[in-house]
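One structure is given here, and the rest of the page talks about it.
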Amino acid sequence: MKRILLIGTGGTIASRQTGEGLAPGIPASGLLSSLGGTGNIQVDSRELLALDSTNITPEHWLMIAGCVEENYDIYDGFVITHGTDTLAYTAAALSYLIRKSPKPIILTGAQRPIGYDSTDSKDNLRDAILAASSDMPGVAIVFDHRVILGTRAKKTRSKSYSAFESINYPELGVIRDGELVVFIRQESGEKPEFSTKLNTKVALLKLIPGTGREVLDFLFECNDAVVIESFGVGGLPEAGGFFECVEEWKKKGRTAVLTTQVENEGSDLAVYHVGSRLKRDLKVLEAYDMTTEAVVAKLMWVLSQTKTATEVERLFYTPVAMDMFPR
Ligand code: ASP
């Protein structure tokens with residue numbers, strides 16, 4: 001019989017109405033009882049956190065990874081219930097903190113609480129338990145009958161059941177009529193590799209037409225890396241001192257990564273005049289086909305290991321859990 005550990009962290013799936021809006025109040029054991037049984041799969045539960053995922057921080061990512069590590073040898077797979085709002089960030093972070101896992105580590109949540117008459121909670125939880133008891137390796141999100149790679153997920157709908165999409169990569173599988181159909185298997189090792197540190201001094205700036213360089217200066221001053229979500233395939237405004245700003249902070253040892261606000265197809269800085277110099281002369285990194293969520297989590301993981309520019313570049317461009325196409 002397969003043994004699964006359900007780790008509860010809160011989110012809508014575990015929420016009740018408080019009079020001042022929904023808030024987590026149902027423990028992981030309560031989620032399980034709502035299913036009325038899990039067939040021939042033994043599921044134990046652990047209530048790790050009870051948070052709306054808006055309140056989740058990188059400290060919590062480390063706690064979740066630590067809980068998986070502590071219990072890794074005891075269980076065949078893991079289900080983590082989590083709020084949907086920052087679930088893609090947590091999935092990406094866990095993909096860097098727990099690499100090459102031969103066992104499934106499945107994140108799920110819901111758009112409507114488990115106690116509501118009409119809810120996606122039960123289907124998502126049942127599907128997640130099924131995936132966690134399979135031989136599918138690695139970190140993935142199971143949601144709305146789809147299996148999405150942990151490094152490729154993005155929340156693209158704020159209300160519908162179909163809340164997540166896989167960005168620039170196919171879905172790993174689907175769950176149809178209670179059967180898991182796996183299309184793609186992640187690479188795994190014989191044993192997982194765990195990390196226990198993150199450098200949280202990473203910031204994200206979404207450009208709008210007219211953003212001034214002082215915002216970027218401020219972010220570089222307080223952080224080791226700044227991710228700039230620019231436009232299209234990527235670039236920076238040529239007026240206003242942006243290039244000089246990046247150059248100055250790079251000399252002081254900061255990391256700059258360019259990505260795009262466009263959801264699909266990624267960056268390619270070399271294409272336009274507004275981007276090519278950044279890459280050629282200033283050696284800024286670019287996200288290519290990675291999601292912003294994965295870029296942020298990967299930088300926190302990389303910068304916890306090194307701050308040497310060449311090593312940061314090497315680690316950043318080394319694919320982990322299929323987060324980017326190899327270059
Ligand atoms: N605000 C909730 C959360 O992220 C939304 C959800 O779970 O769907 O915790």
- Message: In whole Hz and in residue order, list the ³J(HN,Hα) couplings for the stretch 237-244 that follow from phi through the Karplus curve 6.51 cos²θ - 1.76 cosθ + 1.60, θ = phi - 60°; x for Gly and Pro.
- Response: x, 7, 9, x, x, 5, 4, 4
- Message: Suppose a student asked you for the relative contact order of the stretch 1-112, using Cα pairs under 8 Å spaced at least 6 residues apart; what percent would you report?
- Response: 36
- Query: In the stretch 36-145, what percent of the accessible surface is made up of carbon and sulfur (1.4 Å probe, ligands and nucleic acids excluded)?
  - Reply: 44
- Task: Quick one: which residues, 5 or more positions from L6 or on another chain, have an amide H under 5 Å from its amide H? H modelled 1.01 Å from N in the peptide plane, none for Pro or chain starts.
- Result: D44, S45, R46, V79
- Note on the structure: Among chymotrypsin sites (Phe, Trp or Tyr not before Pro) in the stretch 135-199, those in a DSSP loop whose Cβ has at most 13 other Cβ atoms within 10 Å are F183
- Going down the list K155/K298; K2/K197; K2/K191, which pairs span over 21 Å between their C-alpha atoms? K2/K197
- Query: Given only helices, namely DSSP H runs of n ≥ 4 each adding -39500 (n - 2.57), what is the per-residue ellipticity at 222 nm of the chain, to the nearest 500 deg cm²/dmol?
  - Reply: -8500 deg cm²/dmol
- Sequence ranges 311-320, 216-225, ranked by mean other-Cβ count within 10 angstrom, highest first: 216-225, 311-320
- A correct Karplus calculation of ³J(HN,Hα) over the stretch 210-218, with 6.51 cos²θ - 1.76 cosθ + 1.60, θ = phi - 60°, whole Hz and x for Gly and Pro, returns x, 4, x, 5, 4, 5, 5, 4, 4
- Note on the structure: Taking every DSSP bridge whose two residues both lie in the chain, the antiparallel percent to the nearest 5 is 35
- Task: May I ask you to list the aspartates and glutamates whose Cα is less than 16 Å away from that of K100, ignoring any residue fewer than eight positions away on the same chain?
- Result: E69, D73, D76, D135, E187, E190, E193, D323
- What ranking do 51-58, 166-173, 248-255 get when scored by the average of other Cβ atoms within 10 Å per residue, highest first? 166-173, 51-58, 248-255
- Message: Just to be sure I understand: if I project the alpha-carbon convex hull of the stretch 134-245 onto a plane and average over all orientations, what area do I get in nm²?
- Response: 10.6
- Accessible surface, the chain, averaged per residue in Å² (probe 1.4 Å): 43
- Take every Cα-Cα pair in the stretch 1-131 and report what % of them are more than 18 Å apart. 48
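The values are calculated or read from the model by the stated rules, or taken from the named source; none is laboratory data. Fair warning: this is a prediction, and the values are worked out from it, not measured in the lab. Backbone-built Cβ (ideal geometry, glycine too); neighbour counts: all protein chains shown. What goes into the accessible areas is simple: the full protein's heavy atoms, side chains included, and nothing from ligands, DNA or RNA. Shrake-Rupley method; radii C 1.70, N 1.55, O 1.52, S 1.80 Å.
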